[in-house]
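Working notes, beginning with the structure itself.
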Amino acid sequence: MSAKLRLAINGYGRIGRCFLRALYESSACEQFEIVAINEPADLDSMAYLTRFDSTHGVFPGEVDQGKQTLIINGHSIKVTHAEKPESVDWGAYNLDVLVECSGRYSSRSELMRFIQAGCPRLLLSQPADGAAEVDQTIVYGINEHVLKGDEVLVSNASCTTNAIVPVLAALNRAFSLEHAFLTTLHSVMNDQPLIDGYHRSDLRRTRSAMQSIVPVSTGLAKGVERLLPELAGKVVAKAIRVPTLNVSAIDLMVTTKQVVSVEAINTQMQALAHNAKRLVAYSSHPHASVDFNHNPHSAIIDGSQTRVNGENFVNLLVWFDNEWGFANRLLDTLGYWATHLNLSSPVQFKQPA
Ligand SMILES: NC(=O)c1ccc[n+]([C@@H]2O[C@H](COP(=O)([O-])OP(=O)(O)OC[C@H]3O[C@@H](n4cnc5c(N)ncnc54)[C@H](OP(=O)(O)O)[C@@H]3O)[C@@H](O)[C@H]2O)c1
């Protein structure tokens, strides 16, 4: 049996925990092992929130605790509680990849602190401040093939970018887009307070997450253009947080150079879902967002909501589980990257079918 790739997680919040759980809920645990987690919270809370999850339900495995270890299905994971990258002896874990899920590090100089502290390479659970701050930004299914194995800092983009880029790419191929306007309706996140409270930089994010629909800033348009340079200058985006726990939607408006119809758009979207089965799904059932909780796709296109105004003004609705879909894409990107890494001991990885 070949060696497993050794992973660590920095920041064990929503995405860190979903990443661990996605690994244990899939065959990926035959390929990867998590050997360390760094998270400021105490071990009791980490074990408790691994076991019980209001969004994804009870963990479908065994969760135990040892001395500074979290034990998942009998595997021991070393736990530290440092706030700074250099406060952890990462070198001692003989890591292959650190999955950075704290959301606190987005510039090259900040991310390189982990490398200087003994991590060989990082996969980031958010977009970096700019394209040049990381070696590659990946949306799995679109550009993972650019990974050659010599990268040190790789970003997995955002959940919203993973959801919309495959859809925009397919629409542009089929109908040539003139303009795209994206409105993300995103579930609440832990950077919002339950009741009004201070926020370091955003007045609107001081407001109770469960009481209001809250517009927030977004770098989505830049993120899309980073992945689809052929759409540079054509994309505008805004983001609105809505008081649901999980599952988000993108209200997408595009104008096309070609004359289109609802049927023509939906035929292309069904073809996309057929060709990218694990990543994109198509639905025409009368669903509400909660129906897509724990859905591993990057995007689910709701064909029942497709509208066309005139000959070329199109409106689509795209659902995505912002936590679970994204956590599964982190695994996919890792799987592809791993096949190209130059590791001291050869590792044989299966790519997902
Ligand atoms: N949630 C989503 O839907 C989603 C989807 C895709 C990508 N992302 C991205 O993933 C990142 C994490 O998001 P999240 O929703 O998982 O946030 P979260 O639930 O707040 O989790 C972040 C965790 O990291 C911890 N942390 C803070 N500073 C740290 C440090 N210096 N070192 C180690 N851990 C630290 C936090 O502890 P404290 O609470 O004590 O600060 C928290 O437990 C963000 O960049 C986000 O944009 C989120």
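The values are calculated or read from the model by the stated rules, or taken from the named source; none is laboratory data. For clarity, every value in this text was computed on a predicted model and none was experimentally measured. Here Cβ is always computed from backbone atoms with ideal geometry, including for glycine, and neighbour counts include all displayed protein chains.
Observations
For every residue, the table says whether it meets (1) crowded, with 24+ Cβ neighbours inside 10 Å; (2) under 14 Å from Ser102 (Cβ atoms).
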position	(1), (2)
Arg6	no, no
Ile15	yes, yes
Glu25	no, no
Gln31	no, no
Val35	no, no
Ala41	no, yes
Asp44	no, no
Ala47	no, no
Asp53	no, no
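- When the residues of the range 120-132 are filtered to those that are more than 15 Å from Ser158 (Cα to Cα) and more than 13 Å from the ligand (Cβ to nearest atom), the one that is surrounded by the most Cβ atoms within 10 Å (Cβ to Cβ) is Arg121.
- Filtering the range 96-147 to residues that are part of a helix (DSSP H, G or I) and under 16 Å from Phe326 (Cβ atoms) leaves only Glu144.
- Gly103 vs. criteria in contact (Cβ under 8 Å) with a residue 40 or more places away in the chain, within 16 Å of the ligand (Cβ to nearest atom), under 30 Å from Asn293 (Cβ atoms) and among the small types (Gly, Ala, Ser): yes
- As for the range 182-189, it holds at least one residue that is among the polar types (S, T, N, Q) and in contact with an Asp or Glu (Cβ under 6 Å, 6 or more places away or on another chain).
- Strands (runs of 3 or more DSSP E) enclosed by the range 219-284 - at least 1 residues per element that are in contact with a Gly (Cβ under 8 Å, 6 or more places away or on another chain): 280-283
- Any hit, the range 151-164, residues being surrounded by fewer than 21 Cβ atoms within 10 Å (Cβ to Cβ) and either at pLDDT below 95 or among the hydrophobic types (A, V, I, L, M, F, W, C) (or both): yes
- Number of positions in the range 81-100 that are more than 26 Å from Pro127 (Cβ to Cβ) and within 10 Å of the ligand (Cβ to nearest atom): 1
- Residues that are more than 18 Å from Lys238 (Cα to Cα) and touching a His at 6+ places or on another chain (Cβ under 9 Å), drawn from the range 177-206: Pro193, Thr206
- Checking Glu144 against (1) away from the ligand (no atom under 16 Å from the Cβ); (2) touching a His at 6+ places or on another chain (Cβ under 8 Å), the condition it does not meet: (2)
- Once the range 178-192 is narrowed to residues that are near the ligand (Cβ under 10 Å from one of its atoms) and part of a strand (DSSP E or B), the residue that is nearest to Asn246 (Cα to Cα) is Ser187.
- Residue within the range 93-111 that is over 23 Å from the mean Cα position of the chain (by Cα) and either crowded, with 20+ Cβ neighbours inside 10 Å or on the phi < 0 side of the Ramachandran plot (or both) present: yes
- Pair list, Cβ < 6 Å and 6+ apart or interchain, from the range 150-169 residues that are closer than 17 Å to Leu272 by Cβ to residues that are near the ligand (Cβ under 10 Å from one of its atoms): Asn162/Arg329; Ala163/Phe320
- Hey, Met253 farther than 22 Å from Asn328 by Cα, modelled with pLDDT of 95 or more and under 23 Å from the mean Cα position of the chain (by Cα) or not: yes
- Flag for Gly61 being surrounded by fewer than 17 Cβ atoms within 10 Å (Cβ to Cβ), without any contact (Cβ under 8 Å) to a residue 24 or more places away in the chain and farther than 16 Å from Ile9 by Cβ: no
Quick grid of which residues meet (1) out of contact with any strand residue (DSSP E or B) (no Cβ under 8 Å at 6 or more places or on another chain); (2) hydroxyl-bearing (Ser, Thr, Tyr):
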position	(1), (2)
Leu252	no, no
Gln270	no, no
Arg278	yes, no
Pro286	yes, no
Pro296	yes, no
Ile300	no, no
Thr333	no, yes
